[in-house]
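Chemist: Before we start, here is the structure in question, set down as structure tokens.
The values are calculated or read from the model by the stated rules, or taken from the named source; none is laboratory data. Everything numeric in this text was worked out from a predicted model, so none of it was measured. Note that we place each Cβ from the backbone using ideal geometry, even for glycine, and neighbour counts take in every protein chain shown. Only protein heavy atoms, including side chains, enter the accessible area calculation; ligands, DNA and RNA are left aside. Shrake-Rupley method; radii C 1.70, N 1.55, O 1.52, S 1.80 Å.
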Amino acid sequence: MKHSIISTIFFTVLVIFLTSCENLENTVEYVKSDNFVMYTDIEYSEVALEDRENETESVISKHFTYALNGTRIELLIDGKTVKSLDYYYTPDVDAISVADFDFDGYEDIFIPYESPSDYGTYYSYIPDKNSFSENSELNSVGRIMTVSENDTLIEDQSDDTTKRTFEYQWLNNKLMAVKKTETYKSSENEKILTDVYSFDKNGIEYLIGTTENTT
């Protein structure tokens, strides 16, 4: 009886050990949480053909996260690294921005330079490759932008004397400047003025109006 109990305990321990080894092998390609600090968790929704014969569709969800370990940033889909970025500096987490900058339905990521941190590189998610690639159109601006309610991108170029913003719009897969706004104090009468500029198809700006702020 005693021998039987000991055998049962030994068998149970062996099963647990083998199961643990199997789980470890399955997670070799995954970022280990004790080495990396994990950030944002965003769900991508994709439509895939479940039954090609009947062409019935099902929605598949993927989760995007990124992790930071010193000078390395890992971009992960469903917990698995799809892009690894190495830098000579530690990126400022507070300056990293995640949004759908190219309006394709997938979140992209902006990773800042060491200095100034409002400049950096945009990486867009490529669903066909299940990975991220540099976005040349966004990187032609190369500064952090925010997504507006009007489906445009806003870049802030304010300085000590002027509040200045540029507005960009996607046109035929090209990122085009469409508006510039400058608010400043007039050197003549100390009044607060706002100049609004537009851009032609060649990217040349022209003034379309100046207003005086009454408040």
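Chemist: Within region 149-178, how many residues turn out to be more than 18 Å from Ile204 (Cβ to Cβ), of a type in the set (A, V, I, L, M) and either in a loop (DSSP other than H, G, I, E, B) or at pLDDT below 95 (or both)?
Modeler: Total satisfying the criteria: 0.
Chemist: So which residues in region 94-111 are open to solvent by 40 Å² or more (accessible area, probe 1.4 Å), in contact with a strand residue (DSSP E or B) (Cβ under 7 Å, 6 or more places away or on another chain) and closer than 16 Å to Tyr168 by Cα, if there are any at all?
Modeler: Of everything in region 94-111, just one residue is open to solvent by 40 Å² or more (accessible area, probe 1.4 Å), in contact with a strand residue (DSSP E or B) (Cβ under 7 Å, 6 or more places away or on another chain) and closer than 16 Å to Tyr168 by Cα, namely Phe103.
Chemist: Next up: Go through (1) assigned to a loop (DSSP other than H, G, I, E, B); (2) in contact (Cβ under 8 Å) with a residue 12 or more places away in the chain for Phe132 and report which single condition fails.
Modeler: Of (1) assigned to a loop (DSSP other than H, G, I, E, B); (2) in contact (Cβ under 8 Å) with a residue 12 or more places away in the chain, only one is false for Phe132: (1).
Chemist: Whether any residue in region 66-83 is modelled with pLDDT of 95 or more, farther than 30 Å from Glu149 by Cα, small (Gly, Ala, Ser) and out of contact with any helix residue (DSSP H, G or I) (no Cβ under 7 Å at 6 or more places or on another chain) is what I want to check.
Modeler: no
Chemist: Consider Thr194 carefully, then state whether it is more than 30 Å from Tyr122 (Cα to Cα), among the polar types (S, T, N, Q), open to solvent by less than 80 Å² (accessible area, probe 1.4 Å) and part of a strand (DSSP E or B).
Modeler: Yes.
Chemist: Any chance you could count how many residues in region 147-189 are under 21 Å from the mean Cα position of the chain (by Cα), open to solvent by 80 Å² or more (accessible area, probe 1.4 Å) and within 20 Å of Ser117 (Cβ to Cβ)?
Modeler: Matching residues across region 147-189 total 1.
Chemist: Ok, one more. Going residue by residue through region 135-142, is there one that turns out to be more than 23 Å from Asp200 (Cα to Cα) and either among the β-branched types (Val, Ile, Thr) or open to solvent by 30 Å² or more (accessible area, probe 1.4 Å) (or both)?
Modeler: no
Chemist: Next question. Suppose we filter region 102-114 for residues that are within 14 Å of Val141 (Cβ to Cβ) and within 8 Å of the chain's Cα centre (by Cα); how many remain? Talk me through it step by step, then tell me what you get.
Modeler: Restricting attention to region 102-114, the residues satisfying the condition of being within 14 Å of Val141 (Cβ to Cβ) are 102, 108, 110, 112-113.
Keeping just the survivors that are within 8 Å of the chain's Cα centre (by Cα) gives 108, 110.
Within region 102-114, residues that are within 14 Å of Val141 (Cβ to Cβ) and within 8 Å of the chain's Cα centre (by Cα) number 2.
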